[in-house]
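Structure first, then comments.
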Amino acid sequence: MLNSHSFETSNAQKSRYVMAASAKPAKVISVTSGKGGVGKTNTTVNLGLALAQQGQRVLLLDADLGLANINILLGFQPKATVQDLLQGDASLKDIIVRYQNSTGVGFDVIPSSSGVSQLAQLSDADRQRLVGAFEDFSFCYDYLLVDTAAGIGEDVLYFNVAAEQVLVVVDQEPTSITDAYALIKVMATEWNAKEFDIVVNRTPAGEDGRKTFAKLAAATDRFLSVRMNFLGAISDDEALSKSVMQQKPVLQLFPQTKASRDYVRLAKKIANAEGSRVPKGGMQFFFQSLLEHEG
């Protein structure tokens with residue numbers, strides 16, 4: 001059930017886009033995984049809120065073009081989606097939804113919808129419309145978090161390769177580690193990707209995720225020429241399940257729980273790494289690169 005202060009309609013939020021320009025374009029981070037069910041979308045949403053709590057301007061893109069997830073996790077039904085943008089029935093301002101907590105802290109969301117065409121099926125006009133839509137938005141945000149689908153489908157690979165930073169979510173299950181390796185292998189051997197940041201989710205009590213990371217890194221070190229960075233771990237926390245049922249971020253409902261504190265640490269680590277960053281050009285560059293890779 002939506003409450004009146006959690007969401008803004010497109011008309012109510014338009015004035016917010018008259019923003020002071022950032023010194024840098026938005027950093028684009030893809031949040032991805034080798035298999036489904038490892039908590040990728042939860043990571044995207046809570047990381048977005050944690051960054052927003054630190055004063056960052058954050059935009060989330062639901063890039064699962066076959067099965068929308070973010071709006072379900074946040075409990076809203078979008079009035080318009082990326083599909084409406086591609087069809088020319090809505091502008092980017094029209095489809096962006098504002099999610100915020102009771103104190104007004106939050107992030108923007110570009111919702112997707114089930115059945116959106118794959119990038120390979122987009123016409124030239126659709127591609128140009130997608131790129132052009134972001135022309136005026138590259139400096140309006142500090143971060144664009146891209147929640148990809150799971151696996152090694154073409155669209156997943158396109159989003160990951162075009163992003164400035166690739167964040168791979170994995171848990172301790174052997175299939176999760178194996179599938180994460182498969183994703184990294186395809187990106188490294190076929191797309192020449194060189195660097196990956198790893199977040200270990202659902203870490204049991206008393207562990208810090210490094211054992212799981214070590215298993216994945218051992219395989220990549222042996223067979224691939226890539227750089228693997230351990231970004232952090234998210235505790236296995238029953239509060240996460242409760243927050244999913246209530247369709248709100250765990251960081252909003254249970255800010256003092258282990259998982260919430262882990263998300264805050266993860267966001268701080270990402271934000272603190274900005275000093276060494278060489279911007280790639282922000283969101284417009286991301287979508288231009290995305291479609292060039294597809295072509």
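Given the criteria at negative phi, basic (Lys, Arg), buried (at least 16 other Cβ atoms within 10 Å of the Cβ) and in contact (Cβ under 8 Å) with a residue 24 or more places away in the chain, does LYS194 qualify? If you could, list the steps in order and put the result at the bottom.
On the way: at negative phi: yes; basic (Lys, Arg): yes; buried (at least 16 other Cβ atoms within 10 Å of the Cβ): no; in contact (Cβ under 8 Å) with a residue 24 or more places away in the chain: yes.
Against the criterion (at negative phi, basic (Lys, Arg), buried (at least 16 other Cβ atoms within 10 Å of the Cβ) and in contact (Cβ under 8 Å) with a residue 24 or more places away in the chain), LYS194 does not qualify.
Identify, from the list ASN201, ASN229, the residue that is in contact with a Gly (Cβ under 6 Å, 6 or more places away or on another chain), part of a strand (DSSP E or B) and at pLDDT 90 or above.
Details: ASN229 fails: in contact with a Gly (Cβ under 6 Å, 6 or more places away or on another chain).
ASN201 is the lone residue from the list that is in contact with a Gly (Cβ under 6 Å, 6 or more places away or on another chain), part of a strand (DSSP E or B) and at pLDDT 90 or above.
Among the numbered criteria (1) crowded, with 20+ Cβ neighbours inside 10 Å; (2) at pLDDT 95 or above, which single criterion is violated by ARG210?
Every listed condition holds for ARG210 apart from (1).
Given the conditions (1) farther than 15 Å from PRO25 by Cα; (2) open to solvent by less than 10 Å² (accessible area, probe 1.4 Å); (3) at pLDDT below 95, which single one is not true for TYR158?
Single failed check for TYR158: (2).
Of all residues in the stretch 58-72, how many are at pLDDT 95 or above and out of contact with any strand residue (DSSP E or B) (no Cβ under 7 Å at 6 or more places or on another chain)?
Qualifying residue count for the region: 0.
How do the pairs read when you match residues in the stretch 222-239 that are over 24 Å from LYS268 (Cβ atoms) with residues anywhere that are in a loop (DSSP other than H, G, I, E, B) and basic (Lys, Arg), using Cβ under 6 Å and keeping only pairs 6 or more apart or on different chains?
VAL226/LYS194
In the set ARG227, ARG222, which member is in contact with an Asp or Glu (Cβ under 7 Å, 6 or more places away or on another chain) and of a type in the set (Lys, Arg)?
Working: ARG222 fails: in contact with an Asp or Glu (Cβ under 7 Å, 6 or more places away or on another chain).
Selected residue: ARG227, the only one of ARG227, ARG222 that is in contact with an Asp or Glu (Cβ under 7 Å, 6 or more places away or on another chain) and of a type in the set (Lys, Arg).
Residue-by-condition table, conditions (1) at pLDDT 75 or above; (2) closer than 28 Å to ILE234 by Cβ; (3) open to solvent by 10 Å² or more (accessible area, probe 1.4 Å):
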position	(1), (2), (3)
PHE7	no, yes, yes
ALA20	no, no, yes
ALA23	no, no, yes
ASN42	yes, yes, yes
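Just to be sure I understand, how many residues within the stretch 47-74 are open to solvent by less than 20 Å² (accessible area, probe 1.4 Å) and closer than 21 Å to LEU240 by Cα?
Adding up the residues that qualify gives 12.
Among (1) in contact with a helix residue (DSSP H, G or I) (Cβ under 7 Å, 6 or more places away or on another chain); (2) modelled with pLDDT of 85 or more; (3) not basic (Lys, Arg), where does GLN53 come up short?
Failed condition: (1).
Checking ASN272 against (1) under 19 Å from the mean Cα position of the chain (by Cα); (2) at pLDDT 95 or above; (3) polar (S, T, N, Q): exactly one of these is not met. Which one?
The number of the failed condition is (2).
If you go through the stretch 138-146 one residue at a time, do you hit one that is open to solvent by 20 Å² or more (accessible area, probe 1.4 Å) and over 23 Å from ALA271 (Cα atoms)? Spell out how you get there, then give the answer.
Of all residues in the stretch 138-146, those open to solvent by 20 Å² or more (accessible area, probe 1.4 Å) come to 139, 142.
From what is left, the residues that are over 23 Å from ALA271 (Cα atoms) are none.
Checked the stretch 138-146: no residue is open to solvent by 20 Å² or more (accessible area, probe 1.4 Å) and over 23 Å from ALA271 (Cα atoms).
Just for the stretch 161-184: of the residues that are part of a helix (DSSP H, G or I) and touching an Asp or Glu at 6+ places or on another chain (Cβ under 9 Å), which one is least open to solvent (accessible area, probe 1.4 Å)? Can you show your working first?
Within the stretch 161-184, the subset part of a helix (DSSP H, G or I) is 161-162, 174-184.
Imposing the further condition that a residue be touching an Asp or Glu at 6+ places or on another chain (Cβ under 9 Å) reduces the set to 162, 177.
On the way: ALA162: 3, ILE177: 22 Å².
Within the stretch 161-184, the match that is least open to solvent (accessible area, probe 1.4 Å) is ALA162.
Taking the stretch 105-136, which residues are at pLDDT 75 or above, out of contact with any Gly (no Cβ under 6 Å at 6 or more places or on another chain) and open to solvent by less than 10 Å² (accessible area, probe 1.4 Å)? Please lay out each step first, then the result.
First, the residues of the stretch 105-136 that are at pLDDT 75 or above: 105-112.
With the extra rule that they be out of contact with any Gly (no Cβ under 6 Å at 6 or more places or on another chain), the set shrinks to 105-106, 108-112.
Result: GLY106, ASP108, VAL109, ILE110, PRO111, SER112.
Within the stretch 236-258, work out how many residues are outside any loop (DSSP other than H, G, I, E, B) and more than 19 Å from the chain's Cα centre (by Cα). Give the steps one after another, and end with the answer.
Filtering the stretch 236-258 down to residues outside any loop (DSSP other than H, G, I, E, B) leaves 238-246, 250-253, 258.
Cutting the leftovers down to more than 19 Å from the chain's Cα centre (by Cα) gives us 238-239, 241-242, 245-246, 253, 258.
Qualifying residue count, the stretch 236-258: 8.
The values are calculated or read from the model by the stated rules, or taken from the named source; none is laboratory data. Here the structure is a predicted model, which means the values were calculated and not measured. Using ideal geometry, Cβ is built from the backbone for each residue, glycine included, and neighbour counts are taken over all protein chains shown. These area figures cover heavy atoms from the full protein model, side chains too; ligands, DNA and RNA do not enter into them. Shrake-Rupley method; radii C 1.70, N 1.55, O 1.52, S 1.80 Å.
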